[in-house]
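I have placed the structure first, in the form of structure tokens, so that the comments after it can refer back to it.
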């Protein structure tokens with residue numbers, strides 16, 4: 001089996017590993033680094049449970065190979081949690097019960113954070129429709145999405161200086 | 001954003017100081033999940049753990065002539081390649097029947113197919129290797145020779161003489177049949193002013209849990225014990241089944257269930273590949289892990305629905321419904337699923353049709369037939385979406401026929417709110433329902449008159465909107481009448497053990513399980529309230545057959561109503577025990593004391609007397625200072641099972657407002673409402689979120705989801721690109737309202753709420769589409785899912 005040495009930064013830590021060329025990023029994170037917060041749902045790029053951030057942009061961990069991340073900076077839900085960057089989103093999700101089984105949640109929070117960063121850059125507060133549109137690549141079977149939209153909307157307004 | 005509490009309902013016996021009953025407190029266990037630090041079975045890794053991948057039949061029906069495994073055995077990392085015949089020596093087969101479903105029959109099913117594969121996707125051989133990738137590589141090298149057999153794939157012809165019989169020993173392809181006749185349906189139809197007749201079709205669909213099924217089995221040959229980490233809804237049921245089919249005692253099997261990535265009924269059944277994984281662990285004496293991939297999930301997770309219902313309704317000009325009649329045909333897989341059987345859904349349809357209405361004339365027949373397709377069994381709201389769509393579809397077609405408003409026809413036929421207790425035509429016993437109050441609540445919540453005016457105005461501009469309704473009843477809190485009486489070891493009772501720890505905090509062990517519904521929160525709320533501490537002092541432990549009281553788990557909307565009541569009673573019992581200790585310490589009468597917010601107080605004045613940590617310190621470390629002969633009991637267990645009623649029926653009504661693009665056939669959902677009565681509401685937010693999630697699963701059935709098979713039994717869309725599920729952009733906001741009719745069967749009075757959304761949503765989306773299209777002369781749509789193509793055909797545009 002073809003193996004390749006890669007070095008990358010994961011959640012701020014330097015990582016050097018030898019991986020099979022076919023290993024996906026999400027399998028590498030889960031199996032080689034034991035970062036099990038990124039989940040495997042469909043393995044064909046539809047459900048978004050494996051969403052992580054690579055060089056500042058969210059990607060599907062099942063559609064990217066670990067070897068493509070040689071030299072990259074990767075952030076998973078564990079890293080985003082520990083840095084405090086998404087603490088307000090996490091709190092809103094918890095208070096609004098915007099998660100049930102929680103399997104999709106790390107991916108949804110990563111996607112929501114991207115929307116909120118984009119919106120901040122553009123100086124806009126995303127509407128409910130815009131939130132629904134942005135999260136339309138993340139599958140949640142439990143909530144029906146309404147609570148997720150509520151939570152993201154509340155954080156969007158709070159970050160824009162409105163009432164939480 | 002509604003983070004603040006809803007107004008708590010007026011409560012009496014439950015309204016203790018610092019009560020959490022009726023409050024929208026956040027679930028206490030969520031940070032772990034928002035930080036990605038849960039532990040799903042997919043995440044479990046054990047020393048020496050091997051991975052199994054399965055060689056699955058590419059044919060719907062085929063004789064297995066030979067399995068050539070030598071090349072696979074030599075493949076990198078492979079530990080074993082095991083066939084059905086070999087694994088049958090480790091584990092006995094099972095048959096999915098229940099004695100109270102008279103005549104229901106099925107054939108023995110093995111963990112891996114033996115001799116014949118009966119559906120595309122059935123596992124025929126297992127490859128165990130050091131990694132999943134190595135196991136999958138080696139699966140490619142297993143050469144199976146098949147003789148393809150004719151596949152039974154059309155329920156309509158499954159019982160024809162010329163159709164092959166799937167299991168020769170059964171004699172035919174009939175799994176189960178039921179007939180029911182009440183009143184005088186023929187006479188009623190003959191005397192009706194109008195009769196409406198149509199055929200409803202319900203596509204086969206499936207649960208699509210975000211985490212696929214997963215199991216890690218660990219046979220310890222030294223201990224002679226099997227530990228199974230299992231993503232299941234019913235750990236004790238699975239403990240029994242693993243033990244039974246491995247020839248072990250239940251004491252030799254421990255089932256552990258931590259986080260579960262969605263269940264919805266998918267994870268409450270016996271799956272051959274999971275049983276095979278457990279058997280392989282015993283055979284190989286090491287941990288073995290199986291996680292279904294998404295493609296495997298589509299061809300092996302239970303499918304549901306797939307009903308064809310010919311139905312008619314009689315109605316008089318004054319709106320009185322005179323009779324219902326249904327003929328249900330449902331095509332299941334080649335086996336009735338063990339141990340809950342594949343006959344329950346059709347049985348539920350017969351029970352539930354016409355359920356909200358006073359109509360006394362009813363005829364029903366249901367046939368369940370075997371097919372060479374994936375197995376079918378209970379998925380969220382079992383039978384309800386079908387029964388509700390048939391009933392409510394007929395009611396709105398009848399209303400249209402006689403020119404009556406759809407809410408008005410319901411007002412004239414729904415069982416009166418003061419008529420309870422009563423029995424439905426099909427024999428269902430209702431303790432207390434609130435159809436009329438719910439309808440009135442919905443009417444005002446959605447501003448029905450305003451929406452009708454808007455609809456009319458937009459119609460003139462060529463914008464076609466529709467409003468549809470669905471009244472419904474839901475089976476919750478099942479007693480032993482559901483499964484126990486049929487001989488299945490699926491317990492209907494549940495238990496809770498509550499313990500005061502040495503620092504004055506509470507630990508609860510409960511038999512109900514958590515897959516995201518909020519069962520842990522509900523149990524914590526009940527115990528915190530009945531015992532008298534704040535919720536942050538309560539820790540709940542679920543999903544461990546070695547440690548939790550024997551219980552049924554979480555399914556059929558039972559966790560809050562049954563598990564919550566057991567927890568409530570256990571908390572009360574422990575309060576009594578703790579107050580006995582306090583009485584001894586304070587030389588006071590225990591009945592004059594109470595526990596409030598973690599402090600023993602005088603009941604009458606509320607004066608603080610003793611902190612719980614101090615009480616625990618004395619009871620655990622200085623019991624010598626307590627009166628002679630006094631023994632503190634700081635752990636209490638209580639169980640609960642509904643006895644007064646076979647089921648705690650709930651009721652409600654939903655409405656859908658949508659717009660149909662008559663050029664493209666696309667449906668835009670604008671808003672959805674649900675008013676529901678689940679008795680005492682323990683946590684309003686959790687109830688609302690159960691409803692919302694359930695509604696969206698019902699919308700999926702109405703608009704998107706269908707497992708498509710060709711005539712050879714090949715599933716055509718077994719992936720998430722081709723099998724569509726509801727995503728956020730297409731879903732509407734969903735407004736929830738409540739009526740509260742507690743059950744008197746328990747002190748808490750809570751009924752279930754997990755399936756109401758899914759029960760009613762397909763019907764009211766269907767009715768709304770037909771309401772939008774009726775003035776355009778379209779044939780009523782009754783064939784779910786309502787895809788753009790079907791809508792354009794109904795409009796005569798394609």
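The values are calculated or read from the model by the stated rules, or taken from the named source; none is laboratory data. All figures in this text were calculated on a predicted structure; none of them were measured in a lab. Cβ atoms come from the backbone with ideal geometry, glycine included; neighbour counts cover every protein chain shown.
Tell me, please, whether a residue that is more than 19 Å from residue A:77 (Cβ to Cβ), without any contact (Cβ under 8 Å) to a residue 24 or more places away in the chain, facing chain B (nearest Cβ under 7 Å) and more than 17 Å from the chain's Cα centre (by Cα) can be found in region A:136-147.
Yes: region A:136-147 contains one or more residues that are more than 19 Å from residue A:77 (Cβ to Cβ), without any contact (Cβ under 8 Å) to a residue 24 or more places away in the chain, facing chain B (nearest Cβ under 7 Å) and more than 17 Å from the chain's Cα centre (by Cα).
Determine if region B:718-729 includes at least one residue that is without any contact (Cβ under 8 Å) to a residue 40 or more places away in the chain, out of contact with any helix residue (DSSP H, G or I) (no Cβ under 6 Å at 6 or more places or on another chain), more than 21 Å from residue B:791 (Cβ to Cβ) and not in a helix (DSSP H, G or I). Walk me through how you get there before you give the answer.
Going through region B:718-729, the residues without any contact (Cβ under 8 Å) to a residue 40 or more places away in the chain turn out to be B:721-722, B:724, B:726-729.
Filter once more, keeping what is out of contact with any helix residue (DSSP H, G or I) (no Cβ under 6 Å at 6 or more places or on another chain): B:721-722, B:724.
This time we only want the ones that are more than 21 Å from residue B:791 (Cβ to Cβ), so: B:721.
Remaining after also requiring not in a helix (DSSP H, G or I): B:721.
Scanning region B:718-729 turns up at least one residue that is without any contact (Cβ under 8 Å) to a residue 40 or more places away in the chain, out of contact with any helix residue (DSSP H, G or I) (no Cβ under 6 Å at 6 or more places or on another chain), more than 21 Å from residue B:791 (Cβ to Cβ) and not in a helix (DSSP H, G or I).
Restricting attention to region B:85-97, does a residue exist that is within 14 Å of chain A (Cβ to nearest Cβ), surrounded by 18 or more Cβ atoms within 10 Å (Cβ to Cβ) and in a loop (DSSP other than H, G, I, E, B)? Talk me through it step by step, then tell me what you get.
Our first condition is that a residue be within 14 Å of chain A (Cβ to nearest Cβ); within region B:85-97, this holds for none.
Within region B:85-97, not a single residue is within 14 Å of chain A (Cβ to nearest Cβ), surrounded by 18 or more Cβ atoms within 10 Å (Cβ to Cβ) and in a loop (DSSP other than H, G, I, E, B).
Please indicate, with yes or no, whether at least one residue in region B:343-354 is in contact with a helix residue (DSSP H, G or I) (Cβ under 9 Å, 6 or more places away or on another chain), part of a strand (DSSP E or B) and closer than 16 Å to residue B:198 by Cβ.
Here is the first cut: in region B:343-354, the ones in contact with a helix residue (DSSP H, G or I) (Cβ under 9 Å, 6 or more places away or on another chain) are B:345-346, B:348-354.
Among the residues that remain, those that are also part of a strand (DSSP E or B) are: none.
No, region B:343-354 contains no residue that is in contact with a helix residue (DSSP H, G or I) (Cβ under 9 Å, 6 or more places away or on another chain), part of a strand (DSSP E or B) and closer than 16 Å to residue B:198 by Cβ.
Output the number of the condition that residue B:51 fails; it satisfies all remaining conditions of (1) surrounded by 17 or more Cβ atoms within 10 Å (Cβ to Cβ); (2) within 14 Å of chain A (Cβ to nearest Cβ); (3) assigned to a loop (DSSP other than H, G, I, E, B).
(3)
Among (1) in contact with a helix residue (DSSP H, G or I) (Cβ under 6 Å, 6 or more places away or on another chain); (2) over 30 Å from residue B:357 (Cα atoms); (3) surrounded by 18 or more Cβ atoms within 10 Å (Cβ to Cβ), there is one condition residue B:548 misses while meeting the rest; what is its number?
In the conditions (1) in contact with a helix residue (DSSP H, G or I) (Cβ under 6 Å, 6 or more places away or on another chain); (2) over 30 Å from residue B:357 (Cα atoms); (3) surrounded by 18 or more Cβ atoms within 10 Å (Cβ to Cβ), residue B:548 misses (1) alone.
Residues checked against (1) in contact (Cβ under 8 Å) with a residue 24 or more places away in the chain; (2) over 21 Å from residue B:208 (Cα atoms); (3) away from chain A (no Cβ under 11 Å); (4) buried (at least 24 other Cβ atoms within 10 Å of the Cβ):
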| site | (1), (2), (3), (4) |
| --- | --- |
| B:716 | no, no, yes, no |
| B:740 | yes, yes, yes, no |
| B:743 | yes, yes, yes, yes |
| B:776 | yes, yes, yes, no |
| B:783 | yes, yes, yes, no |
| B:789 | yes, yes, yes, no |
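Looking at region B:6-24, can you tell me whether even one residue there is modelled with pLDDT of 90 or more, over 30 Å from residue B:227 (Cβ atoms), in a loop (DSSP other than H, G, I, E, B) and within 14 Å of another protein chain (Cβ to nearest Cβ)? Spell out the reasoning first.
So in region B:6-24, the residues modelled with pLDDT of 90 or more come out as B:19-24.
With over 30 Å from residue B:227 (Cβ atoms) added as a condition, the list becomes B:19-24.
Retained after the next criterion (residues that are in a loop (DSSP other than H, G, I, E, B)): B:19-24.
With the extra rule that they be within 14 Å of another protein chain (Cβ to nearest Cβ), the set shrinks to B:23-24.
Yes, that holds for at least one residue.
Being more than 14 Å from chain A (Cβ to nearest Cβ), touching a residue at least 40 places away in the same chain (Cβ under 8 Å), within 22 Å of residue B:131 (Cα to Cα) and under 26 Å from the mean Cα position of the chain (by Cα) narrows it down to one residue among B:269, B:230; which is it? Before you say what the answer is, go through the steps one by one.
Details: B:269 fails: within 22 Å of residue B:131 (Cα to Cα).
Criteria check complete, one pass: B:230.
Let me confirm something: among B:249, B:330, which residue is in contact (Cβ under 8 Å) with a residue 24 or more places away in the chain and either surrounded by fewer than 24 Cβ atoms within 10 Å (Cβ to Cβ) or more than 14 Å from every other protein chain (Cβ to nearest Cβ) (or both)? Give the steps one after another, and end with the answer.
Values: B:249 fails: in contact (Cβ under 8 Å) with a residue 24 or more places away in the chain.
Exactly one residue qualifies, and that residue is B:330.
Considering A:112, A:130, which residue is under 19 Å from the mean Cα position of the chain (by Cα), closer than 22 Å to residue A:46 by Cβ, crowded, with 22+ Cβ neighbours inside 10 Å and more than 9 Å from every other protein chain (Cβ to nearest Cβ)? Don't jump to the end; show me each part of the working.
Details: A:130 fails: crowded, with 22+ Cβ neighbours inside 10 Å.
Unique residue meeting the criteria: A:112.
Need the failing condition index for residue B:732 against (1) in contact with a helix residue (DSSP H, G or I) (Cβ under 7 Å, 6 or more places away or on another chain); (2) part of a loop (DSSP other than H, G, I, E, B); (3) within 11 Å of chain A (Cβ to nearest Cβ); (4) surrounded by fewer than 23 Cβ atoms within 10 Å (Cβ to Cβ), just the number.
For residue B:732, the failing item is (1).
Do the conditions hold for residue A:49, that is, is it crowded, with 22+ Cβ neighbours inside 10 Å, within 7 Å of another protein chain (Cβ to nearest Cβ) and within 19 Å of residue B:727 (Cβ to Cβ)?
Against the criterion (crowded, with 22+ Cβ neighbours inside 10 Å, within 7 Å of another protein chain (Cβ to nearest Cβ) and within 19 Å of residue B:727 (Cβ to Cβ)), residue A:49 qualifies.
Filter region B:675-698 down to residues that are in contact with a strand residue (DSSP E or B) (Cβ under 7 Å, 6 or more places away or on another chain) and either within 19 Å of residue B:263 (Cβ to Cβ) or more than 11 Å from chain A (Cβ to nearest Cβ) (or both), then give me how many there are. Before you say what the answer is, go through the steps one by one.
So in region B:675-698, the residues in contact with a strand residue (DSSP E or B) (Cβ under 7 Å, 6 or more places away or on another chain) come out as B:675-682, B:688, B:691-692, B:695.
From what is left, the residues that are either within 19 Å of residue B:263 (Cβ to Cβ) or more than 11 Å from chain A (Cβ to nearest Cβ) (or both) are B:675-682, B:691-692, B:695.
Residues flagged as in contact with a strand residue (DSSP E or B) (Cβ under 7 Å, 6 or more places away or on another chain) and either within 19 Å of residue B:263 (Cβ to Cβ) or more than 11 Å from chain A (Cβ to nearest Cβ) (or both) within region B:675-698 amount to 11.
Please work out which one of (1) surrounded by fewer than 17 Cβ atoms within 10 Å (Cβ to Cβ); (2) under 30 Å from residue B:691 (Cβ atoms); (3) modelled with pLDDT of 95 or more is the condition residue B:653 fails and give its number.
Failed condition: (1).
Check region B:213-225 and report whether any residue there is surrounded by fewer than 17 Cβ atoms within 10 Å (Cβ to Cβ), in contact with a strand residue (DSSP E or B) (Cβ under 7 Å, 6 or more places away or on another chain) and either on the phi > 0 side of the Ramachandran plot or not in a strand (DSSP E or B) (or both).
No, region B:213-225 contains no residue that is surrounded by fewer than 17 Cβ atoms within 10 Å (Cβ to Cβ), in contact with a strand residue (DSSP E or B) (Cβ under 7 Å, 6 or more places away or on another chain) and either on the phi > 0 side of the Ramachandran plot or not in a strand (DSSP E or B) (or both).
Can we say residue B:554 is within 14 Å of chain A (Cβ to nearest Cβ) and out of contact with any strand residue (DSSP E or B) (no Cβ under 8 Å at 6 or more places or on another chain)? I'd like the intermediate steps shown before the answer.
On the way: within 14 Å of chain A (Cβ to nearest Cβ): yes; out of contact with any strand residue (DSSP E or B) (no Cβ under 8 Å at 6 or more places or on another chain): yes.
Answer is yes for this residue.
Take the residues of region A:68-88 that are more than 17 Å from residue A:26 (Cβ to Cβ) and more than 8 Å from chain B (Cβ to nearest Cβ): which is surrounded by the most Cβ atoms within 10 Å (Cβ to Cβ)? Before you say what the answer is, go through the steps one by one.
Within region A:68-88, the subset more than 17 Å from residue A:26 (Cβ to Cβ) is A:71, A:81-88.
Among the residues that remain, those that are also more than 8 Å from chain B (Cβ to nearest Cβ) are: A:71, A:82-88.
On the way: A:71: 10, A:82: 11, A:83: 12, A:84: 9, A:85: 15, A:86: 22, A:87: 13, A:88: 17.
The selected residue is A:86.
Looking at A:88, A:70, A:5, A:27, which one is in contact with a helix residue (DSSP H, G or I) (Cβ under 8 Å, 6 or more places away or on another chain), within 30 Å of residue B:135 (Cβ to Cβ) and modelled with pLDDT of 95 or more? Walk me through it before giving the result.
Values: A:88 fails: within 30 Å of residue B:135 (Cβ to Cβ); A:70 fails: in contact with a helix residue (DSSP H, G or I) (Cβ under 8 Å, 6 or more places away or on another chain); A:5 fails: in contact with a helix residue (DSSP H, G or I) (Cβ under 8 Å, 6 or more places away or on another chain).
Testing whether each residue is in contact with a helix residue (DSSP H, G or I) (Cβ under 8 Å, 6 or more places away or on another chain), within 30 Å of residue B:135 (Cβ to Cβ) and modelled with pLDDT of 95 or more leaves just A:27.
What tally of residues in region B:514-526 results from selecting those that are over 14 Å from residue B:561 (Cα atoms) and more than 14 Å from the chain's Cα centre (by Cα)?
Counting residues in region B:514-526 that are over 14 Å from residue B:561 (Cα atoms) and more than 14 Å from the chain's Cα centre (by Cα) gives 0.
Among the listed residues B:353, B:395, B:368, identify the single one that is surrounded by 24 or more Cβ atoms within 10 Å (Cβ to Cβ), over 30 Å from residue B:168 (Cα atoms) and within 22 Å of the chain's Cα centre (by Cα).
Answer to the selection: B:353.
Scan region B:59-72 and tell me whether some residue there is away from every other protein chain (no Cβ under 14 Å) and without any contact (Cβ under 8 Å) to a residue 60 or more places away in the chain. If you could, list the steps in order and put the result at the bottom.
Step one: filter region B:59-72 for residues away from every other protein chain (no Cβ under 14 Å), giving B:59-72.
Add one more test, that the residue is without any contact (Cβ under 8 Å) to a residue 60 or more places away in the chain, and what stays is B:70.
Yes, because at least one residue in region B:59-72 is away from every other protein chain (no Cβ under 14 Å) and without any contact (Cβ under 8 Å) to a residue 60 or more places away in the chain.
Would you be able to say whether some residue in region A:54-67 is more than 11 Å from chain B (Cβ to nearest Cβ), buried (at least 24 other Cβ atoms within 10 Å of the Cβ) and assigned to a loop (DSSP other than H, G, I, E, B)?
Checked region A:54-67: at least one residue is more than 11 Å from chain B (Cβ to nearest Cβ), buried (at least 24 other Cβ atoms within 10 Å of the Cβ) and assigned to a loop (DSSP other than H, G, I, E, B).
Report the residue count in region A:20-46 for those that are in contact with a strand residue (DSSP E or B) (Cβ under 6 Å, 6 or more places away or on another chain), surrounded by fewer than 24 Cβ atoms within 10 Å (Cβ to Cβ), facing chain B (nearest Cβ under 9 Å) and in a loop (DSSP other than H, G, I, E, B).
Total meeting the criteria: 1.
Scan region B:510-523 for residues that are assigned to a helix (DSSP H, G or I) and under 14 Å from residue B:574 (Cβ atoms) and jot them down.
Result: B:523, single match.
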